[in-house]
Amino acid sequence: MLRPWQFEIHLDKKSDKALYLQIADAIINAVKSGKLTSGNALPGSRQLAGLLNVNRNTVIEALDVLIAEGWLITVDRKGTFIADILPESNFNKKTETKASITVENPKPHLVFDDGLPDSRLAPMNDLARAYREIFNRKSRWQIMGYSNELGNVEFRKAIVQMLNFKRGMNVSLDEICITRGSQMAMYLAAHCLLSKGDYVIIENPGYKPAWEAFENAGATLLPVNILKDGLDLEEVENHLKNNKAIKAIYVTPHHQFPTTVTMSLKKRLKLIELSNQYGFTIIEDDYDNEFHFGQRPILPISSYSNAKNFIYIGTLSKIVAPALRIGYLAASIENIQKIAQHRKIIDVQGDNIMEEAVLNLINEGKIKRHLKKTNLIYKAKRDHFENLCKLHLKDKITFTKPEGGLAFWIVPKSEIDLQKVCDELLKKGIKIMSPEKFSFGNPASGLRLGYASLTEEQMEEGILALSKYL
């Protein structure tokens, strides 16, 4: 909706100043005070005349003055808007400062995200059809009431089958909870396991939204460094020996966030051994398992038969589209029951209709075919991105070509202020995640560059711009 607000101008019909000038001055003052900003739409002349109880020609005369002075612009078949570039000479210093900031920091036209899929590839037509089919059922009324707080039963069965067949796990229906995205799953896991005084070991650099969920539950974070084969387990053991209040460890072993490193088999087995010995829970975030370009993805830590204490978190949002908030977690029946109680406090149930729609796509094989198609596209994009890095950044960075996931981790060869690099690029309209976004303490030494949502032309533009500052 273009104009959801109530437009108010108070006119003094007894004043010597013409009504059209009063209207024009009122709009200018609204811009100067910040009530109206560049891009805001004005009501149509007919509507504005009705609101002010004046002749429409009076309003048109006021708008013509504002357009001539540069305060307004008109867009064919859309309406009249506050101009992007305003008459600076009429502004006070405060407004000039705001204008200069807007010019120096334009909205980014190119974003290196943290590894999101290309939403343009989302199977929206199939999803819309599945959604319509649900509402065309004779029994559609049955899905309009409350359902299980753990999620649609048939949808959970499909997730159980996927985890057991494709990821080597051995979970039952009672060990699965569907959530609105993986962040909700993280929040529920944190509040199920943790309380004030507990400690959680985390990867550093790592995923800050998960850290915030743990801290919100009252836990204290213990950062551990990432090596070329995953988490530094010597640091982990030192923490365990010196702190008996460690309740969990949070890991992204398939493609570590943000470095893309895959945890070695040796370390996976050792981590399970430590978990069983010390009784802490392994919270495994398998955020991009589906995006793997080698022979086959590495099986989750949670799939090993000797893993006794785990909570496994995954998402379907990246498969279909990020805007569809569908995540899940697998854990023991005891933990799932605790999670169900927390779920009912913050959200009685999930999106039952959307779960059924996605279930239709799973059962029809549409999700499987979509993944097969998109993985070929993402593999080609990854290879193109690698070639660009070799061509334009060869002498400036080190990186390892990732076998999966939708992002690269690059590290400058020379010491450089990466935050300053990000700030300079933002002035050019290119946004990169700054190192503090995934750092605990000192800023990380590298940059995470998501490539999947970019075109080849955008990738090259971004890499060329980055090469000027590294």
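The values are calculated or read from the model by the stated rules, or taken from the named source; none is laboratory data. Source: prediction; values computed, not measured. Cβ: placed from backbone, ideal geometry, glycine included. Neighbour counts: every protein chain shown. Side chains are part of the model used for accessible areas, which takes the heavy atoms of the whole protein and leaves out ligands, DNA and RNA. Shrake-Rupley method; radii C 1.70, N 1.55, O 1.52, S 1.80 Å.
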- prompt: Of these, Ile397, Ile410, Ile430, which one is open to solvent by less than 70 Å² (accessible area, probe 1.4 Å), aliphatic (A, V, I, L, M), more than 17 Å from Asp114 (Cβ to Cβ) and in contact (Cβ under 8 Å) with a residue 24 or more places away in the chain?
  reply: Ile397
Selection from the stretch 164-193 of residues that are over 25 Å from the mean Cα position of the chain (by Cα) and not hydroxyl-bearing (Ser, Thr, Tyr): Asn164, Phe165, Lys166, Gly168, Met169, Asn170, Val171, Leu173, Asp174, Glu175
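Mind listing whichever residues of the stretch 34-43 are surrounded by 11 or more Cβ atoms within 10 Å (Cβ to Cβ) and touching a helix residue (DSSP H, G or I) at 6+ places or on another chain (Cβ under 9 Å)?
Lys35, Leu36, Thr37, Ser38, Asn40, Leu42, Pro43
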query: Is it true that Asn170 is of a type outside the set (A, V, I, L, M, F, W, C) and modelled with pLDDT of 90 or more?
result: yes
- prompt: So which residues in the stretch 347-406 are over 13 Å from Glu290 (Cβ atoms) and aromatic (Phe, Trp, Tyr)?
  reply: Phe385, Phe399
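Of the residues that make up the stretch 206-220, is at least one within 29 Å of the chain's Cα centre (by Cα), of a type in the set (Lys, Arg) and open to solvent by less than 10 Å² (accessible area, probe 1.4 Å)?
Checked against the condition, which is being within 29 Å of the chain's Cα centre (by Cα), of a type in the set (Lys, Arg) and open to solvent by less than 10 Å² (accessible area, probe 1.4 Å), the stretch 206-220 yields no hits at all.
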message: Taking the criterion of being under 39 Å from the mean Cα position of the chain (by Cα), surrounded by fewer than 12 Cβ atoms within 10 Å (Cβ to Cβ), assigned to a loop (DSSP other than H, G, I, E, B) and not aliphatic (A, V, I, L, M), would at least one residue in the stretch 62-74 satisfy it?
response: no
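To keep it simple, each residue is scored yes or no on (1) without any contact (Cβ under 8 Å) to a residue 24 or more places away in the chain; (2) out of contact with any Pro (no Cβ under 6 Å at 6 or more places or on another chain); (3) within 18 Å of Glu284 (Cα to Cα); (4) surrounded by 15 or more Cβ atoms within 10 Å (Cβ to Cβ).
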| residue | (1), (2), (3), (4) |
| --- | --- |
| Ile311 | no, yes, yes, yes |
| Arg325 | no, yes, no, yes |
| Glu334 | yes, yes, yes, no |
| Asp347 | no, yes, no, no |
statement: Looking across the stretch 288-309 at residues that are surrounded by fewer than 20 Cβ atoms within 10 Å (Cβ to Cβ) and of a type in the set (Phe, Trp, Tyr), the single one that is nearest to Leu271 (Cα to Cα) is Tyr304
query: Filtering the stretch 451-468 down to residues that are in contact with a strand residue (DSSP E or B) (Cβ under 7 Å, 6 or more places away or on another chain) and open to solvent by 10 Å² or more (accessible area, probe 1.4 Å), which residue is farthest from Arg120 (Cα to Cα)?
result: Ala465
- request: Answer yes or no as to whether Leu173 is closer than 21 Å to Lys308 by Cα, free of Cβ contacts under 8 Å to residues at least 40 places away in the same chain and touching a helix residue (DSSP H, G or I) at 6+ places or on another chain (Cβ under 8 Å).
  value: yes
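Given Lys196, Lys247, Lys166, Lys228, which one is under 25 Å from Ala357 (Cβ atoms), of a type in the set (D, E, K, R) and without any contact (Cβ under 8 Å) to a residue 60 or more places away in the chain?
Values: Lys196 fails: under 25 Å from Ala357 (Cβ atoms); Lys247 fails: under 25 Å from Ala357 (Cβ atoms); Lys228 fails: under 25 Å from Ala357 (Cβ atoms).
Every option except Lys166 fails the conditions.
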statement: Going through the stretch 31-51 in order, the residues found to be farther than 15 Å from Gly70 by Cα and in a helix (DSSP H, G or I) are Ser45, Arg46, Gln47, Leu48, Ala49, Gly50, Leu51
statement: Within the stretch 331-357, of all residues that are outside any helix (DSSP H, G or I) and among the polar types (S, T, N, Q), the one farthest from the chain's Cα centre (by Cα) is Ser332
Of the criteria (1) open to solvent by less than 50 Å² (accessible area, probe 1.4 Å); (2) in contact with a strand residue (DSSP E or B) (Cβ under 6 Å, 6 or more places away or on another chain); (3) modelled with pLDDT under 95, which one Arg448 fails: (3)
- prompt: What about Leu231, is it in contact with a strand residue (DSSP E or B) (Cβ under 7 Å, 6 or more places away or on another chain) and not charged (D, E, K, R)?
  reply: yes
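Report, by residue number, each residue of the stretch 294-309 that is assigned to a loop (DSSP other than H, G, I, E, B), free of Cβ contacts under 8 Å to residues at least 60 places away in the same chain and either closer than 16 Å to Leu359 by Cβ or touching a helix residue (DSSP H, G or I) at 6+ places or on another chain (Cβ under 9 Å) (or both). Spell out the reasoning first.
From the stretch 294-309, those assigned to a loop (DSSP other than H, G, I, E, B) are 294-300, 304-309; that's our starting set.
Still in the list and also free of Cβ contacts under 8 Å to residues at least 60 places away in the same chain: 295-296, 298, 304, 306-309.
Those that are assigned to a loop (DSSP other than H, G, I, E, B), free of Cβ contacts under 8 Å to residues at least 60 places away in the same chain and either closer than 16 Å to Leu359 by Cβ or touching a helix residue (DSSP H, G or I) at 6+ places or on another chain (Cβ under 9 Å) (or both): Ile298, Tyr304, Asn306, Ala307, Lys308, Asn309.
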